[in-house]
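A.B. asks: Sharing a structure, written as structure tokens. Questions coming.
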Amino acid sequence: MKKIMAAVLAAAMMVVLLCACNTGSVSSAKIKVVDIELSQESYAFAVSKSDKELMSNVNEYLAKIKGDGTFDAICDKYFGNGTPTKVESKALDTGKDQLVVATSTGFEPFEMVDSAGLFYGIDLEIAAGLASYLGKELVIQDMKFESVVTSVQTGICDIGMAGLTVTAKRQALVDFSDSYYNAAQMLIVKADDTTFDNCKTADDVVAILDKLTSANKIGCQAGTTGEIYITGDLDQGDDGYGFKGIPVTKMAYDYAALAVTAMINGEIDYVVVDNAPAKAISKSVNGK
Ligand code: ARG
């Protein structure tokens, strides 16, 4: 299962990279990010409601690495020009004292896996530090994003570390740690699309989105807050995130890179995804 997913992801990345290669020169950008925050979200780690001890250890560890500079040093590797430290996942063995982490790679700079099966990214470097802080072996379970919260809720994994936005709906299923990162949804559009060029604020972007129709298609990663941003959740009252939705046809893909590939191929108009991954994808597609 894991192998198949890795293969699918590798194929998706390959398509994205091939697009990058074909473009060649500087003027050949294929996509661009509309650099305006459309939502206010915070990332946190998810732990089973029945594991209060792990939850308090996680918060203790987060406070420690935020206080001693470790957290900033990890972020600098990915937002600055540092070199990632790759981490190895041990094989799952219920007889051993392990920290089983649920993640969903293909979400740069938070979780990635290389062709040798080594993991890296902000979340996964924190995962490695947390495991050693707890004196446990690190096991990383790479799955579709949609399964991350469920796997923690059902006890298949100990902790979800996947650029997970805290939402009321997820809070009903799992406990969230203290937050470690503020994020926002952003739009990715084709490089030659001028629709949002004059937008200065989120309201400007939303005013244009509101005029779209079901003939327009916006892509997202399945199960993410980006998906909810498109479909809207005002009908869920306090259980919702408060997104009013966009009157378009939503196209959900297993990975954000697949949505971007669909856009490049002219199958959809725009993509909605978290800001840091939007910029990372754009950099890799455009080759700069
Ligand atoms: N922050 C968004 C959410 O929680 C997207 C997270 C996607 N994460 C990933 N590892 N693919 O819904």
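A.B. asks: Could you calculate, for region 80-224, the ratio of the Cα radius of gyration to the Kirkwood radius, expressed as Rg to Rh?
C.D. replies: Numbers: Rg = 18.5 Å, Rh = 17.6 Å.
Over the Cα atoms of region 80-224, Rg/Rh equals 1.05.
A.B. asks: May I pose another question? Can you pull the three principal axis extents for the Cα set of region 195-282, in Å, largest first?
C.D. replies: 36, 30, 27
A.B. asks: For K144 and S132 in the same chain, what is the full-extension length gain: residue separation times 0.36 nm, less their Cα-Cα distance, in nm?
C.D. replies: Working: separation 12, 0.36 × 12 = 4.32 nm, distance 2.57 nm.
Roughly 1.7 nm would be gained on extension.
A.B. asks: Sort D123, D238 by accessible area with a 1.4 Å probe, largest first.
C.D. replies: D238, D123
A.B. asks: Enter the angle in degrees (range 0 to 90, nearest 10) between the Cα long axis of helix 122-134 and the first principal axis of the Cα atoms of the chain, meaning the one along which they spread out most.
C.D. replies: Result, in degrees: 10.
A.B. asks: A further question follows. How large is the Kirkwood hydrodynamic radius of the chain, counting all unique pairs of alpha carbons, in Å? Numbers along the way, then the final one.
C.D. replies: Details: mean 1/r = 0.0511 Å⁻¹.
Result for the chain, one decimal place: 19.6 Å.
A.B. asks: For the chain, what does the accessible surface come to per residue with a 1.4 Å probe? Please give it in Å².
C.D. replies: On the way: 13100 Å² over 288 residues.
Accessible area per residue: 45 Å².
A.B. asks: Nearest 10 degrees is fine. How inclined is helix 275-286 to the longest principal axis of the chain, computing both from alpha carbons?
C.D. replies: The angle comes out near 60 degrees.
A.B. asks: Starting from 0.36 nm per residue, how many nanometres of slack lie between S56 and D76 once their C-alpha separation is accounted for? Each step should come with its number before you reach the end.
C.D. replies: On the way: separation 20, 0.36 × 20 = 7.20 nm, distance 2.61 nm.
That pair, S56 and D76, stretches by 4.6 nm at full extension.
A.B. asks: Can you give me the distance in nm between label points at S214 and S179, each placed 7 Å from the Cα along the Cα-to-Cβ direction?
C.D. replies: 3.5
A.B. asks: Provide the net charge surrounding D239, with neighbours chosen by a C-beta distance below 12 Å and charges set as Lys +1, Arg +1, Asp -1, Glu -1. Write down the numbers at each step before the final one.
C.D. replies: On the way: positive: K169, R170; negative: D233, D235, D238.
Overall, the nearby charge balance is -1.
A.B. asks: Now for a different question. Modelled label-to-label distance, A172 and D235, 7 Å Cα→beta-carbon offset: nm?
C.D. replies: It works out to 1.4 nm between the two label points.
A.B. asks: Report the label-to-label distance for K244 and A207 in nanometres (one decimal), using points 7 Å from each Cα along the Cα→Cβ vector.
C.D. replies: 1.3
A.B. asks: If DNA, RNA and ligands are ignored and the probe is 1.4 Å, what is the ranking of I228, I36, I126 by accessible area, most exposed first?
C.D. replies: On the way: I228 45, I36 20, I126 0 Å².
Sorted by accessible area, descending: I228, I36, I126.
A.B. asks: Ok, one more. Regarding region 145-212, what are the three Cα extents along the principal axes, ordered largest first, in Å?
C.D. replies: 47, 22, 21
A.B. asks: Please say if region 17-157 is rounded, prolate or oblate, where rounded means a/c under 1.5 for a ≥ b ≥ c the square roots of the C-alpha gyration tensor eigenvalues, and otherwise the choice is prolate for a/b larger than b/c and oblate otherwise? Please list the in-between numbers first.
C.D. replies: Numbers: a/c = 1.82, a/b = 1.67, b/c = 1.09.
Prolate, because a/c is 1.5 or more and a/b exceeds b/c.
A.B. asks: Oh, and also: At 1.002 mPa s and 20 °C, plugging the Kirkwood radius over alpha-carbon pairs of region 132-288 into Stokes-Einstein gives what diffusion coefficient in µm²/s? Mind showing how you got there, number by number?
C.D. replies: On the way: Rh = 17.1 Å.
Rounded to a whole number, D works out at 125 µm²/s.
A.B. asks: Expressed as a fraction of 2.2 N^0.38 Å, the rule-of-thumb size for a compact globular protein of N residues, what is the C-alpha radius of gyration of region 85-127?
C.D. replies: Taking the Cα Rg and dividing by 2.2 N^0.38 Å, one obtains 1.17.
A.B. asks: What percentage of the solvent-accessible surface of the chain, computed with a 1.4 Å probe over protein heavy atoms, is contributed by carbon and sulfur atoms?
C.D. replies: Numbers: 6750 of 13100 Å².
Carbon and sulfur atoms account for 52 percent of the accessible area of the chain.
A.B. asks: Compute the acute angle (0 to 90°) between the alpha-carbon long axis of helix 2-23 and the principal axis of greatest extent of the alpha-carbon atoms of the chain; round to the nearest 10°.
C.D. replies: 40
A.B. asks: Related question: Please give the FRET efficiency for K96 paired with A191, using the beta carbon to beta carbon distance and R0 = 35 Å, rounded to the nearest 0.05. Mind dumping the intermediate values first?
C.D. replies: Details: r = 49 Å, r/R0 = 1.41.
Efficiency, rounded to the nearest 0.05: 0.10.
A.B. asks: Given contacts defined as C-alpha pairs under 8 Å and at least six residues apart, what's the relative contact order of the chain, whole-number percent? Could the numbers behind the result be given before it?
C.D. replies: Numbers: 535 pairs, mean separation 79.4, N = 288.
Here the relative contact order equals 28 percent.
The values are calculated or read from the model by the stated rules, or taken from the named source; none is laboratory data. Keep in mind that this is a model prediction, so the values were computed, not measured. So basically every Cβ, Gly included, is an ideal-geometry build from the backbone, and we count neighbours across all protein chains shown. Just so you know, the surface numbers come from the protein's heavy atoms only, side chains and all, with ligands and any DNA or RNA stripped out. Shrake-Rupley method; radii C 1.70, N 1.55, O 1.52, S 1.80 Å.
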